[in-house]
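Computed from the coordinates by the stated procedures, all read-outs in this text should not be read as laboratory data. The shown structure was predicted, so the numbers you read here are calculated from the model rather than taken from an experiment. Don't worry about glycine lacking a Cβ; one is built from the backbone with ideal geometry, like all the others, and counts go over all protein chains shown.
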Amino acid sequence: MLDLNRKIYVVDNDLALRSSLAIMLRSVGYDVELFDDGEAFLRAAQGGLSGCIVLDVRLRGIGGLEIQRRLAEMGSVVPVIFITGHGDVEMAVKAMKAKAVDFLTKPVREQDLLDAISVAMQDLRQRELELQRRMHKLNHVNALSPREREIFVALCNGKLAKQIAHELAVSEATVKVHRRNLMQKLSVSSISQLILQFGIFSNENRLAA
C-alpha cells in the first residue's frame with residue numbers, strides 16, 4: 001500500500017537517473033523532491049523531512065554514508081534507501097549496520113525500488129510511533145518534582161531506599177513516600193517495571209531542566 005502523504009527525496013549526481021526516478025515515482029502518485037548534491041539536501045533536511053530518502057552512496061562532496069551519519073546526529077528518523085553503481089560490499093555492510101532500509105545497485109529495477117520504498121514507509125511509521133511513545137514517557141518523567149527526579153535516577157541505578165536516604169540526607173520514610181508518589185505518576189507497580197520502561201531516561205542529562 002502506497003503512503004502518498006509522504007515525500008520521496010532523491011539525492012543523486014546523475015541528472016538522467018534523477019529525472020527517470022522522478023518520472024516513475026510521480027507516475028504512481030508520490031511527491032518527489034530532487035537534489036544533485038549532499039550539501040543542498042542537508043540544508044533542506046534542517047527544515048524537517050517526512051518520507052524516505054533514495055540516496056546515492058558516491059556523491060560529489062559529502063558522500064551518502066556521511067549524509068546518513070549526519071541525519072542520525074540531527075535526530076532524523078526518516079529511512080534511507082541507498083543506490084550505487086559500484087556494488088561495494090563493504091559500503092553496503094556499513095550502510096545496513098547504520099539502519100539503511102536497503103542497498104540497491106544501478107540500474108535500479110523499478111519494482112525493487114517501489115518495494116524498498118514500501119518497506120521504508122512502514123519502517124518510518126514504526127519509528128514515529130516509537131518516538132511518540134518515548135516522548136510521552138519523557139514528558140511523564142519531566143513532570144516529576146526535583147526531589148522525585150533525584151530518587152527516580154537513584155532507583156534506576158539500582159540503589160535502595162536506605163542508600164538514597166543517606167545520600168540525600170533525608171529519612172528513609174521520606175524516600176519511600178517520594179518513591180510511592182513517583183511510581184504512581186509513572187503508572188508502574190514495581191522497581192523492575194520502572195527500570196524497564198523508564199530506565200533509559202535515568203541519565204540526568206536527558207531530563208529537562
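Using Cα atoms only, what is the angle between the long axis of helix 146-156 and the major principal axis of the chain, expressed in degrees (0 to 90) to the nearest 10? With rounding to tens, the tilt is 80 degrees. The count of lysine pairs in the chain whose Cα atoms are under 19 Å apart, excluding pairs fewer than 8 places apart on the same chain, comes to 5. Footprinting exposure proxy ranking of S171, S202, fewest other C-beta atoms within 10 angstrom first, gives S171, S202. For the pair the stretch 100-116 / the stretch 8-85, the C-alpha centres are spaced 13 Å from each other.
Charge dipole of the chain (Cα centre as origin; +1 on each Lys and Arg Cβ, -1 on each Asp and Glu Cβ, all else neutral): 1120 debye, rounded to the nearest 20.
Most tightly packed first, judged by the mean number of other beta-carbon atoms within 10 Å of their residues, the peptides 140-147, 179-186 read 179-186, 140-147.
If r is the Cβ-Cβ distance from Q184 to A44 and R0 is 45 Å, what FRET efficiency results, to the nearest 0.05? With a Förster radius of 45 Å, E is 0.50. Exposure proxy for F198, F41: other Cβ atoms within 10 Å of each Cβ, ordered fewest to most, give F198, F41. Taking the longest Cα principal axis of the chain as reference, the axis of helix 110-142 is set at about 20 degrees. At an R0 of 30 angstrom, the distance between the Cβ atoms of R70 and R109 translates into a FRET efficiency of 0.55.
Matching the structure-derived mean projected area of the Cα convex hull in nm² against the labelled list (i) 14.3; (ii) 16.0; (iii) 15.3 gives the label (i). In summary, the stretch 109-189 shows an alpha-carbon radius of gyration equal to 1.77 times the 2.2 N^0.38 Å reference for compact globular proteins.
Taking label positions 7 Å along the Cα-Cβ direction at both V119 and S20, the computed distance is 2.2 nm, reported to one decimal.
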